[in-house]
Amino acid sequence: MMMEKQFQNSSYSVTAEPIRVGVLGFGGLGQAAARVLAPKQQMLWVAATDLKGYAYDAAGLNPDHCIKTYHSQGSLGYLEPTGILSNQTIPDLIAQASVDGYFLALPNLPNTFMADVARKFIAAGWQGVLVDALKRTSAVEQLLELQEELQAAGITYMTGCGATPGLLTAAAALAAQSYAEIHQVTITFGVGIANWEAYRATIREDIAHLPGYNVELAKGMSDAEVEALLEETDGILKLENMEHADDVMLELAGICPRDRVTVGGIVDTRNPKKPLSTNVQITGRTFEGKISTHTFTLGDETSMAANVCGPAFGYLKAGVSLHQRGIYGLFTAAEVMPMFVS
Ligand code: NAD
């Protein structure tokens, strides 16, 4: 009885009321986010947008209903009875919805898009928590430039809070504690998805890392061009030495210089089975002078969506607890522990 009471106390909910959550972007990750949130008691999913419309219901949105409408009609704006069509969905939703924290499951195409979205929240005078799953170093650096503006606006912004960057960067920050000096952090990811169209932005942004491509080129590719490229490679994207923000995040957290962090992986766009086990290896020297490597490997059964959306909401909850204490500004997944959402 006593034990149970202590456990309840230690896993306290940040607020007595559930945290009201919005999801910006309703593609692969946005839809998975709705499903991840459905059984949660400490969070209530109340708002979502896509490019053409948005839906807000203070009593909570129904994921099945929203996903069905998005697939059959192409936008949440057609959702009955709460959907609204708009050509400026993000500012309209910010103005209408009462939300404590948003997960930004948006494409970062162009590479300045997420920083522009953050500016929209600042311009609207909105206060609360924002969480992104940004990938590129240069995209996170743009947000770093907004540090003071976010602070002044009363926004707690958690960046790089997906899988990589995110879960694996945080694991590296934790593993680093065994060492006096960190020599190398190597992140290797395996992603398997049944069909690239379920995650168009993710795949376009991955293509942008291939030799001969960049963000502008990948953004400009038609679906047919993406399919033709994937046809040539049997649906496989092999990515090496990616520009990934795990490096700047570990550098900012004081763990190691960014040139000691490397990220690469394999994406299979035709098979939900992972082509390899996602892992992060952290090599360093202990205080006794021993060189060793810690390895953290994700279970092969866990999907990209599970490993992105779970951490994103864990960081959203951590962000809410900071925000409630009046702590605003930009934080990365390497400097704050995510909190588990029940
Ligand atoms: P997607 O292409 O499946 O969906 C994007 C959604 O955003 C769509 O619903 C679209 O309508 C909406 N959208 C586009 N422009 C918009 C706008 N201006 N206003 C409102 N909505 C808009 O995307 P996805 O594959 O789910 O990826 C989302 C992001 O997550 C990408 O940037 C991707 O790189 C990132 N990601 C991060 C990680 C990680 O581990 N950090 C892993 C996977 C994906």
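Derivation of every value follows stated rules applied to the coordinates shown; laboratory data play no part. Note that the coordinates shown come from a computational prediction; the quantities given were computed from them, not determined experimentally. Heads up, the Cβs are rebuilt from the backbone with ideal geometry, glycines too, and the neighbour counts pull from every protein chain shown.
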- Globularity ratio of the chain, using Cα Rg and 2.2 N^0.38 Å: 0.98
- Message: Restricting to Cα pairs below 8 Å that are 6+ residues apart, what does the relative contact order work out to for the stretch 209-310? Please round to a whole percent.
- Response: 18
- Message: Can you list residues from other chains, or at least 5 along the same chain, whose modelled amide H is less than 5 Å from the amide H of residue 331?
- Response: 157, 158, 159
- Message: What are the ³J(HN,Hα) couplings of the stretch 53-60, residue after residue, when phi is run through the Karplus curve with 6.51, -1.76, 1.60 and θ = phi - 60°? Round to Hz, x for glycine and proline.
- Response: x, 8, 9, 9, 8, 4, 8, x
- Query: Can you put 188, 269, 156 in order, fewest other beta carbons within 10 Å first?
  - Reply: 188, 269, 156
- the stretch 16-101 pair-distance distribution - Cα-Cα, 10 Å bins, rounded %: 20, 57, 22, 1
- In Hz, Karplus ³J(HN,Hα) per residue of the stretch 227-237 (6.51, -1.76, 1.60; θ = phi - 60°; x = Gly, Pro): 4, 5, 5, 5, 5, 5, 9, 6, x, 9, 10
- Item | Gained length - residue 124 relative to residue 277, 0.36 nm times residue gap less alpha-carbon distance | 50.8 nm
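On full extension of the chain, what length is gained from residue 243 through residue 152, given 0.36 nm per residue of separation minus the C-alpha to C-alpha distance?
29.8 nm
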- For residue 274, what charge total do you get from the other residues with a beta carbon under 12 Å from its beta carbon, if Lys and Arg give +1 and Asp and Glu give -1? -2
- Query: Full extension from residue 73 to residue 38: what is 0.36 nm times the residue separation minus their Cα-Cα distance, to one decimal in nm?
  - Reply: 10.4 nm
- Message: Can you compute the FRET efficiency between residue 293 and residue 224 using 1/(1 + (r/R0)^6), with r the Cβ-Cβ distance and R0 = 51 Å? Round to the nearest 0.05.
- Response: 0.70
- Query: Within the chain, how many lysine pairs that are 8 or more places apart, or on different chains, have C-alpha atoms less than 19 Å apart?
  - Reply: 9
